[in-house]
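Undergrad: One structure, pasted below without further comment.
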Amino acid sequence: MTTGPASSAQEARRALGSRLRDIRKAAGITIRQLGAETGQHFTRVSKIENGVQFPTDRDISAWCRVCAAVDQELDLVATLRAVDSAYLEYRRQSRAGMKRVLGAHTPERYMATKVFRIYEHNVIPGLFQTAEYTAAMLSFWIRFLDTPNDLEEAVAVRMDRQGVLYRGGRRFVAVLEEQALRTWFGTAEVQAGQLGRLLELLSMPNISLGIIPLMTEREAVGSTGFWIFDDAMVALETPTAGIQVTQPAELAMYARMFEVLKGAAVYGRDARALILQVLSELDG
């Protein structure tokens, strides 16, 4: 299984197209007939059914009318809008600066979540970052996305979010690849400070921090980092978009993948030993 963000969005489009195909077939109508009845070329109908092209609200309305499925129109339109909003374009958000580029990571979402499940393969999760590490990361994105330079405000927003770690009634279950410990953002001193922060977090009773060693037998590899907020949402990030997955079937797949990845991780003393080993290499 892959957990790539592109595959998640594509799967959502395919699922919508598959529902429309089922409605057409249940009505006993061919692709060519539907195209003629709705005033569009039959190849466009095929593209919509295969998730290659998005339908519009008007397409769905006409589709349901022709197929005598008007009772399903509202639900299909709601699904279309949910899929369409799965991509939150960073360039649009970042016009007002990086402090606005939060995706699913809003204070409201954090306060509403009781169990955070976090997998990261090459970066320390934002909730666990030091201010210096966050600043080093955001400095790059400010340049890369050509956004207004609001570094101090953006760092402050992300540090303020970490207050959720100290509010009661929440659990944080994180699995990191060892590579995340070894990927530098900023100087060696910044990375050492970040690793020291992870050592501190190991002692917090509401945090479970597992690390998957580089050289270990394992069942699966996650192709991108992802966060699961309770059983309500999965959030992924790419260089150009934040993706939010809410379909129950997909949520269940991410939860299953998270459990598989957890099985390859080490915890407690072994996790501490891995962090200390990387720290010693930095000192060297």
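Undergrad: Being closer than 28 Å to PHE144 by Cβ and among the β-branched types (Val, Ile, Thr) narrows it down to one of VAL245, VAL266, VAL260, so name that one.
TA: On the way: VAL266 fails: closer than 28 Å to PHE144 by Cβ; VAL260 fails: closer than 28 Å to PHE144 by Cβ.
Only one candidate passes the filter, namely VAL245.
Undergrad: Hey, can you tell me all the residues within segment 144-187 that are within 14 Å of GLN129 (Cβ to Cβ) and among the aromatic types (Phe, Trp, Tyr)?
TA: PHE172, TRP184, PHE185, listed by residue number.
Undergrad: Please tell me if GLY210 is open to solvent by less than 30 Å² (accessible area, probe 1.4 Å), touching a helix residue (DSSP H, G or I) at 6+ places or on another chain (Cβ under 7 Å) and touching a residue at least 60 places away in the same chain (Cβ under 8 Å). Step through it out loud before you land on a result.
TA: Values: open to solvent by less than 30 Å² (accessible area, probe 1.4 Å): yes; touching a helix residue (DSSP H, G or I) at 6+ places or on another chain (Cβ under 7 Å): yes; touching a residue at least 60 places away in the same chain (Cβ under 8 Å): yes.
Yes.
Undergrad: Is it fair to say LEU199 is part of a strand (DSSP E or B) and in the same structural domain as PHE144 (by the TED database)? Quick ask: steps written out before the conclusion?
TA: Details: part of a strand (DSSP E or B): no; in the same structural domain as PHE144 (by the TED database): yes.
Answer is no for this residue.
Undergrad: On to the next question. Looking for whichever is of a type outside the set (Ser, Thr, Tyr), touching a Lys or Arg at 6+ places or on another chain (Cβ under 6 Å) and farther than 30 Å from GLU189 by Cβ here; the options are ILE243, ILE228. Which one fits? So that I can check it myself, show each step before the final result.
TA: Values: ILE243 fails: touching a Lys or Arg at 6+ places or on another chain (Cβ under 6 Å).
Every option except ILE228 fails the conditions.
Undergrad: State all residues of segment 132-161 that are open to solvent by 40 Å² or more (accessible area, probe 1.4 Å) and not charged (D, E, K, R); if no residue qualifies, say none. Let's see the steps before the verdict.
TA: Taking segment 132-161 as the starting set, the residues that turn out to be open to solvent by 40 Å² or more (accessible area, probe 1.4 Å) are 132, 140-141, 143-144, 146, 148-149, 151-153, 156-157, 159-160.
PHE140, TRP141, PHE144, PRO148, ASN149, LEU151, ALA156, VAL157, MET159, listed by residue number.
The values are calculated or read from the model by the stated rules, or taken from the named source; none is laboratory data. The shown structure was predicted, so the numbers you read here are calculated from the model rather than taken from an experiment. Every residue, glycine among them, receives a Cβ derived from its backbone with ideal geometry; neighbour counts consider all protein chains shown. We work out accessible area using only protein heavy atoms, side chains counted, and drop any ligands, DNA or RNA first. Shrake-Rupley method; radii C 1.70, N 1.55, O 1.52, S 1.80 Å.
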